[in-house]
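Note sheet for the following structure.
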Amino acid sequence: MANNKKINKKDMGGLLKEWSQEFTVFVPSKESGVATMSKWDGKDTGFIDWYRNTVKPAKANFFPPMEEMFSFQKDREGYHIELPASDEHKQLIFGIRPCDARSLAILDMTFTESYQDPYYLPKRNNAVLIGLGCLRPYDSCFCTSLGISPGESTDVDLMLTDIGDQFLVEEITQKGKELIARASQAEKATEADEARANEVKEAAYRKVTRRIDTEGIKDKLLAAFENQDYWEKVAAKCLSCGICTLLCPTCYCFDINDELVKRQGARFRSWDSCAFPIYTKMPMENPREEKWRRVRQKVCHKFEFYPMSFSTIACTGCGRCIRLCPVNWDITLTLDRLPS
Ligand code: SF4
Ligand code: SF4
């Protein structure tokens, strides 16, 4: 018995328009030729054909590259601080891939566990995620090794699968169920539609051929931690450009800076990277001045330290750090070749 809904691709524009009444709708688009989640222009649904994944991950919608924390003014009595209005506008992100949806679930742990981040959480709590199964994974993708299927996700509100002229729509959360219940364009899916969706998902799963073995990875990294020779070899070609971390959907390091003109200014936080030599620079020392220590930190943070704190690996296998690296540094080879 079929339980899901379906929607014609040609009706997507109408549905996005309806959702735009209630939400700020974000869709994959090309800004200067680079795929990113941008505010929908109210017309274009061409991304349905060209979209594979965005370069800038959807974390930017909740944890922007640069964000004002507060503004301040100084007078004779001292500093006066003004907080920005809480950003509670309702975002609907259409087309998020299962790997990136998982990355938000991972970031949620970071931004809620030891403190409730007042900038991230209001945006996140007001967002709706509409997942779109990934049918053309890159050869750099290895999501299936991290328990993610390119065609399926429980980290979204609705999950869509391309079944030809239509999308099969699965209701994942109550929020998603209510949203699609109001959509005049949605109709009941048939058993044949569901069977087709299952075939599509299985085919997508088989297309992810790059793999890592995560069994015992935490202990292997712990054992190799002091192996300077290994980390020096691994780090040799890295340029310390930071791309692999800035564009990693689970990386969340930030720096804080004040901009001050005369007596008024603002404090900002902006993405930072453990790949940069000055990231750990302190007045008297820098514990990660050497490149191999920084590369080790990046790998161990995701596969050793994060699992120690949150019982989950902080990598989704999205492959961005491989395909966007200017020198083809490859985290899967680093993990594969760990000395035992
Ligand atoms: S993207 Fe490549 S070169 Fe740049 S810091 Fe990462 S590993 Fe190094
Ligand atoms: S470490 Fe690489 S593959 Fe893993 S989530 Fe980050 S960018 Fe994606």
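The values are calculated or read from the model by the stated rules, or taken from the named source; none is laboratory data. Fair warning: this is a prediction, and the values are worked out from it, not measured in the lab. Here Cβ is always computed from backbone atoms with ideal geometry, including for glycine, and neighbour counts include all displayed protein chains.
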Subject >> Residue selected from region 239-287 under the condition of a type in the set (Lys, Arg) and modelled with pLDDT of 95 or more, by the criterion farthest from ligand 1 (Cβ to nearest atom) >> reply: Arg267
**OP:** Within region 204-247, track down each residue that is within 16 Å of ligand 2 (Cβ to nearest atom), among the basic types (Lys, Arg) and surrounded by fewer than 18 Cβ atoms within 10 Å (Cβ to Cβ).
**Re:** Arg211, Lys218
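Here is a yes/no grid of residues against (1) surrounded by 11 or more Cβ atoms within 10 Å (Cβ to Cβ); (2) out of contact with any helix residue (DSSP H, G or I) (no Cβ under 6 Å at 6 or more places or on another chain); (3) modelled with pLDDT of 95 or more:
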{"site": "Leu16", "(1), (2), (3)": "yes, yes, yes"}
{"site": "Trp19", "(1), (2), (3)": "yes, yes, yes"}
{"site": "Thr24", "(1), (2), (3)": "yes, yes, yes"}
{"site": "Pro28", "(1), (2), (3)": "yes, no, yes"}
{"site": "Val34", "(1), (2), (3)": "no, yes, no"}
{"site": "Phe47", "(1), (2), (3)": "yes, yes, no"}
{"site": "Asn53", "(1), (2), (3)": "yes, yes, yes"}
{"site": "Phe70", "(1), (2), (3)": "yes, yes, yes"}
{"site": "Ser86", "(1), (2), (3)": "yes, no, no"}
Original post:
Is it true that Ile180 is of a type in the set (A, V, I, L, M), more than 21 Å from the chain's Cα centre (by Cα) and closer than 30 Å to Ile322 by Cα?
Top reply: no
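Matching residues to (1) farther than 30 Å from Leu333 by Cβ; (2) of a type in the set (D, E, K, R):
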residue	(1), (2)
Gln116	yes, no
Ile130	yes, no
Asp139	no, yes
Leu146	no, no
Asp155	no, yes
Met159	yes, no
Val169	yes, no
Ala181	yes, no
Lys188	yes, yes
Original post:
When the residues of region 319-340 are filtered to those that are in a helix (DSSP H, G or I) and among the β-branched types (Val, Ile, Thr), which remaining residue is surrounded by the fewest Cβ atoms within 10 Å (Cβ to Cβ)?
Top reply: Thr332
**OP:** For region 134-147, state whether one or more residues are away from ligand 2 (no atom under 16 Å from the Cβ) and closer than 24 Å to Lys56 by Cα.
**Re:** yes
**OP:** Starting from region 234-261, keep only residues that are within 15 Å of Pro277 (Cα to Cα) and among the β-branched types (Val, Ile, Thr), then list their pairs with residues that are within 9 Å of ligand 1 (Cβ to nearest atom) and outside any loop (DSSP other than H, G, I, E, B) whose Cβ atoms are within a distance under 7 Å, requiring at least 6 positions of separation or different chains.
**Re:** Thr245/Lys298
Original post:
What helices (runs of 4 or more DSSP H), lying completely within region 86-189, carry at least 1 residues that are of a type in the set (Lys, Arg) and out of contact with any Ser or Thr (no Cβ under 8 Å at 6 or more places or on another chain)?
Top reply: 120-125, 174-181
Subject >> Residue under evaluation Ser309, criteria (1) more than 16 Å from ligand 1 (Cβ to nearest atom); (2) touching a residue at least 40 places away in the same chain (Cβ under 8 Å); (3) more than 25 Å from Lys233 (Cβ to Cβ); (4) not in a helix (DSSP H, G or I), criterion not met >> reply: (4)
Subject >> Qualifying residues in region 1-44 (those that are among the small types (Gly, Ala, Ser) and assigned to a helix (DSSP H, G or I)) - the one nearest to Phe62 (Cα to Cα) >> reply: Ser20
**OP:** May I ask you to verify whether Gly265 is in contact (Cβ under 8 Å) with a residue 60 or more places away in the chain, small (Gly, Ala, Ser) and buried (at least 18 other Cβ atoms within 10 Å of the Cβ)?
**Re:** no
